[in-house]
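Quick notes on the structure that follows.
The values are calculated or read from the model by the stated rules, or taken from the named source; none is laboratory data. Keep in mind it's a predicted model, so treat the numbers as computed, not measured. FYI the Cβ positions are ideal-geometry reconstructions off the backbone, even for glycines, and counts take in every protein chain you see. Protein only, heavy atoms only, side chains kept; ligands, DNA and RNA dropped before computing areas. Shrake-Rupley method; radii C 1.70, N 1.55, O 1.52, S 1.80 Å.
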Amino acid sequence: SDEKDKCFQIGMNDYISKPFEPQVLHQKLSDFAPLNNTINIENKNHQVLKTKKMASLTLLQEHANGDQEYIAEVLTDCIHEFPSYMDELNKANEEGNWESVKYTAHKMKSPIALIGAEQIKDLLQTMEVNISNYKSIDQIPDQVSELNHQMEKLLLELKIEIKNIKATQHH
């Protein structure tokens, strides 16, 4: 108790004594050093929801070497390009043109990997490999549907990221 009081008197934010429970330590660390893997998204009822990020942006940040304007430009390009890729993919899927689905999925993998959207990259990879091996073709329509859903979330997230970058540049 004396140690704890001394710590708070000299300006500490919190205190944990030994032996400690790992979950207590984790919670205290999370409180003071939150991981940057969630994003706030406002729903139709104007409620702010915290959701896991689709994109990590780690690779893009390494390429950008701290240039936030460059990151915003790349994300803007993605926002403009991804819907046309999805249009191609949806059209090919509707026509049952699996080679075109495979080609478009392949084309999308590089920009998706650059922004660190691993879940989407994995889905694109699965589609591409399955079509190449003529395996699980009957699952492609469901995978395309899932991809549409994930891309919708990703595009919203990228718009928020750009807004955040621009907000920090003006301060």
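Numbers for the structure displayed
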item	result
Failed item, numbered, when Asp2 is tested on (1) at pLDDT below 90; (2) in contact with a Leu (Cβ under 6 Å, 6 or more places away or on another chain)	(2)
Pairs where the first residue, in region 78-89, is within 8 Å of Leu155 (Cβ to Cβ) and open to solvent by 40 Å² or more (accessible area, probe 1.4 Å) and the second is part of a helix (DSSP H, G or I) and not polar (S, T, N, Q), C-beta under 9 Å, 6+ apart	Pro83/Met151; Pro83/Leu155
Per-region count, region 70-99, residues of a type in the set (S, T, N, Q) and closer than 15 Å to Met127 by Cα	3
Counted residues, region 90-115 - those being more than 19 Å from the chain's Cα centre (by Cα) and closer than 17 Å to Lys153 by Cβ	1
Scan of region 97-122 for residues that are hydrophobic (A, V, I, L, M, F, W, C) and either buried (at least 20 other Cβ atoms within 10 Å of the Cβ) or touching a residue at least 60 places away in the same chain (Cβ under 8 Å) (or both), ordered by number	Val101, Ala105, Met108, Ile112, Ile115, Ala117, Ile120
Residues that are loosely packed, with under 13 Cβ neighbours inside 10 Å and hydroxyl-bearing (Ser, Thr, Tyr), drawn from region 123-156	Ser132, Tyr134, Ser145
Residue ranges of helices (runs of 4 or more DSSP H) in region 58-171 with at least 1 members modelled with pLDDT of 95 or more	68-95, 98-114, 118-132, 140-169
Failed item in (1) closer than 18 Å to Asn90 by Cβ; (2) open to solvent by 60 Å² or more (accessible area, probe 1.4 Å), with Lys159 passing the rest	(1)
